[in-house]
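**Q** Structure below; questions to follow.
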Amino acid sequence: MDQFQIKPLFGAGEIHWYTPTNVTLWMLIAVVVATVLLVLGTRGRAVIPSRSQSIAEMMYGFVYKMVEDVTGKEGLKYFPYIFTLFIFILLANFLGLIPGSFTTTSHIAVTAVLALGVFLGVTILGFVKNGTKFLGLFWVSSAPLALRPVLAVIEIISYFVRPVSHSIRLAGNVMAGHAVIKVFAGFAGALGVFSIFPIISITAVYGLEVLVAAIQAYVFTILTCVYLNDALHPSH
C-alpha cells in the first residue's frame, strides 16, 4: 500500500496542512491539464475542430445531456459545477494510471471533500428553493399512513449516508484496482520465467482500470445530478 502514501514534495518530516505533497502536486496537474484541454484546446473554435477541441466538445455535450436528462432544464444553471467535478475526477483517475504517478482520488480525504461539497450544496439549495417543503423528500405520502414515520426515519438515515457512500465508492474502486495491479506486479518479480502469466493479468487489469476510471467519474457525476434533482423536486 506504499503507492498510496502521502509524502512531502520537499525534504521529509511531519506533514502540516500547508505542506506541499504528492497529493497537491497531482491535483494541480489535473487542474492544469483540464485548463489546457478546455481553454487552450478550444480557443480556436474551428468549424472543423481539432482533436483537443473534439474531445472537449464531446465531454461538454455528454455532461450537458446528463444534467438535462436527470434534472431537467431547471438544473442546467448548475451545469458548470457538475462539469467541473466530472472533468477533475476523470483527469485525476486517468493521471493516476501513469506509471510513477499518484492517484489523488484513491484517498478518502479528497473524495470526501468533493462529496461533502455536493451534499451541503444540494441540501442548502433544497431549503432555499423549497423552504420547509424540502422535508417532503423524507415523507413518502404514497405509502400507508402507519408506515410513513418508519419510512421517514429510513429516508433520513439514507440521506445523511449519501456523502459517505458517494466518497467511498470512488476512492474504494480506484484504490482496489491499483492494489490488484501491485499484487500481480509482485508475482511477476518473483516467478521468473513464469512471470508472463502475471504480466498478462496486469495488462488485463490495467485495461479494466482505464474503464473504471471513466465509469467512476460518470457514476459520481450522475449521482450528483440525482441529488440535485431531489433538491429541485423534493416530493415523492
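The values are calculated or read from the model by the stated rules, or taken from the named source; none is laboratory data. A quick note: this is a predicted structure, and the numbers were derived from the prediction, not measured. A quick note on method: Cβ atoms are made from the backbone with ideal geometry, for glycine too, and the neighbour counts reach across all protein chains shown. Just the protein is used for accessible areas: all its heavy atoms, side chains included, with ligands, DNA and RNA removed. Shrake-Rupley method; radii C 1.70, N 1.55, O 1.52, S 1.80 Å.
**Q** Would any residue of region 201-236 have its amide N under 20 Å from a label point 7 Å out along Cα→Cβ of Ser141? List them or say none.
**A** Of the residues in region 201-236, 229-236 have backbone N under 20 Å from the label point off Ser141.
**Q** Okay, next question. Leaving ligands, DNA and RNA out of it, rank Val118, Val31 by accessible area with a 1.4 Å probe, largest first. Don't jump to the answer; show the numbers that get you there.
**A** On the way: Val118 5, Val31 75 Å².
In descending accessible area the options line up as Val31, Val118.
**Q** Want the number for Phe127 to Leu28: 0.36 nm per residue separation, take away the alpha-carbon distance, what's left?
**A** Working: separation 99, 0.36 × 99 = 35.64 nm, distance 3.37 nm.
Here the answer is 32.3 nm.
**Q** Rank Phe94, Phe88, Phe102, Phe127 by accessible area, highest first, at a 1.4 Å probe radius? Numbers along the way, then the final one.
**A** Numbers: Phe94 75, Phe88 40, Phe102 10, Phe127 95 Å².
In descending accessible area the options line up as Phe127, Phe94, Phe88, Phe102.
**Q** Here is a further query. What is the Cα coordinate range of the chain on the first, second and third principal axes, sorted by size from largest, in whole angstrom?
**A** Cα spread of the chain along its principal axes, largest to smallest: 68, 50, 39 Å.
**Q** How charged is the neighbourhood of Ile202? Take every other residue with its Cβ under 11 Å from the Cβ of Ile202, and add Lys/Arg as +1 and Asp/Glu as -1. Spell out each step's value before the answer.
**A** Working: positive: Lys182; negative: Glu209.
Its environment carries a net charge of 0.
**Q** Just want the answer: with Cβ charges of +1 for Lys and Arg and -1 for Asp and Glu, which residue in Gly75, Thr203, Phe138 is farthest toward the dipole's positive end in the chain?
**A** Gly75
**Q** Which percent of the accessible heavy-atom area of region 1-144 goes to carbon and sulfur, probe 1.4 angstrom? It would help to have the intermediate numbers written out before the result.
**A** Numbers: 5890 of 8400 Å².
The value for region 1-144 is 70 percent carbon and sulfur by accessible area.
**Q** Solvent-accessible area of His166, probe 1.4 Å, all protein chains present, reported in Å² to the nearest ten, please.
**A** Its accessible surface works out to 0 Å², give or take rounding.
**Q** If you don't mind, there's one more thing I want to ask. Relative to the longest principal axis of the chain, what angle (0 to 90°, nearest 10) does the C-alpha long axis of helix 148-190 take?
**A** 10
**Q** Would you mind getting the accessible area per residue of region 1-65, heavy atoms of the protein chains only, 1.4 Å probe, in Å²? Show your work: numbers first, answer last.
**A** Numbers: 4830 Å² over 65 residues.
Roughly 74 Å² per residue, with all protein chains present.
**Q** Quick one: order Thr103, Thr35, Thr132 from most to least accessible surface, probe 1.4 Å. List each step's numbers first, then the result.
**A** Details: Thr103 5, Thr35 65, Thr132 115 Å².
Putting Thr103, Thr35, Thr132 in descending order of accessible area: Thr132, Thr35, Thr103.
**Q** Add -39500 (n - 2.57) for each DSSP H run of 4 or more in the chain, then divide by its residues: what number comes out at 222 nm, to the nearest 500 deg cm²/dmol? Kindly include the intermediate steps, with their values, before the conclusion.
**A** Values: 6 runs with 155 residues, N = 236.
Mean residue ellipticity at 222 nm (helix-derived): -23500 deg cm²/dmol.
**Q** For region 137-180, evaluate the Debye formula with one uniform point scatterer on each Cα (no solvent term) and list log10 I(q)/I(0) at q = 0.20 Å⁻¹, rounded to two decimals.
**A** So the normalised log intensities work out to -0.65.
**Q** A further question on this structure: Let me check the size of region 1-135 from its C-alpha atoms; what are the radius of gyration and Dmax in Å?
**A** In Å, with Rg to one decimal and Dmax whole: 18.2, 54.
**Q** Work the Kirkwood hydrodynamic radius out for region 82-183: mean of 1/r over every pair of different alpha-carbon atoms, inverted, in Å. Intermediate values should be presented prior to the final figure.
**A** Numbers: mean 1/r = 0.0628 Å⁻¹.
About 15.9 Å for region 82-183.
**Q** Testing the spin-label approximation: label points 7 Å from Cα along Cα→Cβ at Val47 and Tyr218. State their distance in nm.
**A** Simple spin-label model gives 3.3 nm for this pair.
**Q** Please list log₁₀ I(q)/I(0) at q = 0.13, 0.14 Å⁻¹ for region 67-132, using the Debye equation with identical point scatterers on the alpha-carbon positions.
**A** -0.49, -0.55
**Q** Let me cross-check Tyr81: its accessible surface, 1.4 Å probe, with only protein heavy atoms counted, in Å² to the nearest 10?
**A** 110
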